[in-house]
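Single-structure report; data block below.
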Amino acid sequence: MRGAAMTTTVEPMATRRLVQRGALDWLLAPAPARRLNLVRTLTVLYGLVWIGVRADHWRNLSRLPESRWRQVGIGGWLAGPPSTAAVTALVLATFGAGVVALGGRGWTVCGPLFAVGFLALTTFGASWGQILHTEHLPALHLLVLAAAPAGRGASATTGWPLRVMTLVTIGTYVVAGLAKFRFGGGLDWLDGDRLSRLVAHDNLRKRLLGDPFAPLARFVVGHPLLLRVGVADRAGRAGCPVGGAGPAGAGGLDRIGLGVPHHRAVDDGRAVPVPTVRHRLRLDAARRTPSPPTLASLDPPAMTFSTKDFGHQWPKSFVENLNRGYRRAWWRRCLVRRRQWETRRRGGDGRRRWRWCGRCASPPPPR
Amino acid sequence: MSGFLRAVGVRPDGLETVLSPELIGGTVEVIHAAQTLSNALRAGRAEEMCDEIAGRVVGAGLDVVEVLVVTDSFDIVEGLCADHPAQVDREEHVACAVPP
């Protein structure tokens with residue numbers, strides 16, 4: 001019997017809570033401590049190199065007349081520009097804190113000191129009439145890392161700093177891309193003409209002022225096609241949160257908990273299988289217990305999809321694929337939950353163990 | 001066509017010499033020097049800026065008798081690709097003498 005497509009009976013508030021919880025789960029999902037340590041090391045190293053390169057410039061700025069002081073950011077509370085000696089002391093102290101932090105010792109003290117010092121130095125540099133946007137992102141990243149744990153095997157708390165840094169990066173480039181379109185020439189960016197003029201203007205200005213300019217600038221400006229390819233960079237920046245999803249968007253949505261299976265139906269824009277949302281609500285209710293997962297909570301749900309859930313207009317192969325994908329996702333969560341439980345029980349060494357828990361009805365399907 | 005705000009020095013023989021960003025803005029940053037000139041011009045402090053540049057020229061020991069703050073117009077693509085950028089137009093904002 002043919003029937004009409006199912007309509008959702010899930011309340012909007014429940015769906016909203018589901019999305020919020022899914023976003024929170026994504027943000028707080030654990031990550032290996034070594035990954036955070038690596039990111040921290042690279043970021044601090046970048047900051048140290050930047051301080052070394054810009055130290056002379058900052059000291060030169062401190063010798064400028066006070067009439068050119070245009071304080072911004074956290075420098076707003078200063079009565080006037082700091083002296084050269086104060087700037088030099090700040091550079092040395094920040095650099096020292098960064099060197100100690102780079103070695104991984106005393107991060108809880110040196111990390112915030114380095115982050116605040118870097119912020120103070122870059123704010124000072126931006127308070128003389130030129131704001132260098134390339135300094136903003138490292139300063140924000142260092143502040144996030146300063147608030148992050150030391151990352152010694154605490155894998156349950158080392159995931160959110162990396163994701164917050166990702167969000168900060170995405171937000172920065174989205175704002176930059178939108179600003180380019182809004183204030184920097186609009187749709188002229190799309191044909192490469194705007195970019196061509198910008199590259200030519202910047203390099204000619206350096207040449208006229210006696211500064212070295214990019215050796216490839218002449219070649220690039222003479223070949224507009226290269227700059228049209230560069231337009232993809234602008235589109236990519238502005239569309240970063242959307243483009244970052246792309247063809248894997250449905251898979252990404254699955255990871256943040258919407259439970260949408262990655263299937264051609266979703267990419268084609270057809271209706272989302274409604275029973276998926278209902279299953280997620282049941283699973284979340286079972287997952288709210290604060291204690292470690294019990295055997296019952298690790299068992300997969302008894303109900304799986306059938307053609308009756310969707311009506312007979314959907315092919316049987318689609319339902320089979322849906323069941324297979326959903327079970328695979330369920331096994332993956334089961335294994336993750338068991339790994340988390342064992343990690344906590346064994347003192348949190350963070351080692352990754354993937355194995356079948358042995359309590360589910362059948363082994364996981366082959367990949 | 002685009003205008004470039006810059007400061008040039010005039011030698012005793014009348015020839016012009018390009019002043020570096022360090023003499024213009026006090027630092028080696030090109031954009032900072034350009035932005036300094038632009039801010040000064042917009043704020044009506046062009047003469048004060050010119051005197052400041054002249055003071056740095058004296059400190060650098062250059063053979064310059066006068067400092068001009070000008071806006072020179074160039075065809076940016078042709079100017080970049082040419083061996084010697086050809087100036088199309090000039091607008092002089094302020095001139096000041098370099099103290100001996």
One residue is enough: does segment A:74-94 have a residue meeting the conditions on the phi < 0 side of the Ramachandran plot, under 21 Å from the mean Cα position of the chain (by Cα), within 14 Å of chain B (Cβ to nearest Cβ) and surrounded by fewer than 18 Cβ atoms within 10 Å (Cβ to Cβ)? no
Let me spell it out: the conditions are (1) closer than 24 Å to residue A:133 by Cβ; (2) free of Cβ contacts under 8 Å to residues at least 24 places away in the same chain; (3) in a helix (DSSP H, G or I), and residue B:48 meets all of them except one. Which number is the exception? (1)
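Okay, residues lined up against (1) free of Cβ contacts under 8 Å to residues at least 40 places away in the same chain; (2) out of contact with any strand residue (DSSP E or B) (no Cβ under 7 Å at 6 or more places or on another chain):
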| site | (1), (2) |
| --- | --- |
| A:161 | no, yes |
| A:166 | yes, yes |
| A:172 | yes, yes |
| A:178 | no, yes |
| A:187 | yes, yes |
| A:195 | yes, yes |
| A:198 | yes, yes |
| A:201 | yes, no |
| A:204 | yes, no |
Within segment B:79-92, is even one residue within 12 Å of the chain's Cα centre (by Cα) and closer than 20 Å to residue A:67 by Cβ? no
Go through (1) facing another protein chain (nearest Cβ under 8 Å); (2) at pLDDT 90 or above and name the single condition residue B:51 misses. (1)
Among the residues of segment B:6-39, how many are more than 7 Å from chain A (Cβ to nearest Cβ), touching a residue at least 40 places away in the same chain (Cβ under 8 Å) and touching a Lys or Arg at 6+ places or on another chain (Cβ under 9 Å)? 2
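Quick one: which of A:45, A:78, A:28, A:38 is free of Cβ contacts under 8 Å to residues at least 40 places away in the same chain and farther than 24 Å from residue B:43 by Cα?
Numbers: A:45 fails: free of Cβ contacts under 8 Å to residues at least 40 places away in the same chain; A:78 fails: farther than 24 Å from residue B:43 by Cα; A:28 fails: free of Cβ contacts under 8 Å to residues at least 40 places away in the same chain.
After ruling out the rest, the residue left standing is A:38.
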I need every pair where a residue in segment B:67-86 that is within 10 Å of another protein chain (Cβ to nearest Cβ) has its Cβ under 9 Å from the Cβ of a residue that is hydroxyl-bearing (Ser, Thr, Tyr) and surrounded by fewer than 19 Cβ atoms within 10 Å (Cβ to Cβ), sequence separation at least 6 or different chains. B:74/B:2; B:75/B:2; B:76/B:2; B:79/B:2
Here is a list of conditions, (1) in contact (Cβ under 8 Å) with a residue 12 or more places away in the chain; (2) within 13 Å of chain B (Cβ to nearest Cβ); (3) surrounded by fewer than 17 Cβ atoms within 10 Å (Cβ to Cβ), and residue A:64 meets all of them except one; can you say which number that is? (3)
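Please work out if residue B:59 is in a helix (DSSP H, G or I), more than 15 Å from the chain's Cα centre (by Cα) and surrounded by 13 or more Cβ atoms within 10 Å (Cβ to Cβ). Quick ask: steps written out before the conclusion?
Values: in a helix (DSSP H, G or I): yes; more than 15 Å from the chain's Cα centre (by Cα): yes; surrounded by 13 or more Cβ atoms within 10 Å (Cβ to Cβ): no.
Answer is no for this residue.
The values are calculated or read from the model by the stated rules, or taken from the named source; none is laboratory data. Please read all numbers here as calculations on a predicted model, not as lab measurements. Every residue, glycine as well, gets a Cβ built from its backbone with ideal geometry; the counts of neighbours run over all protein chains shown.
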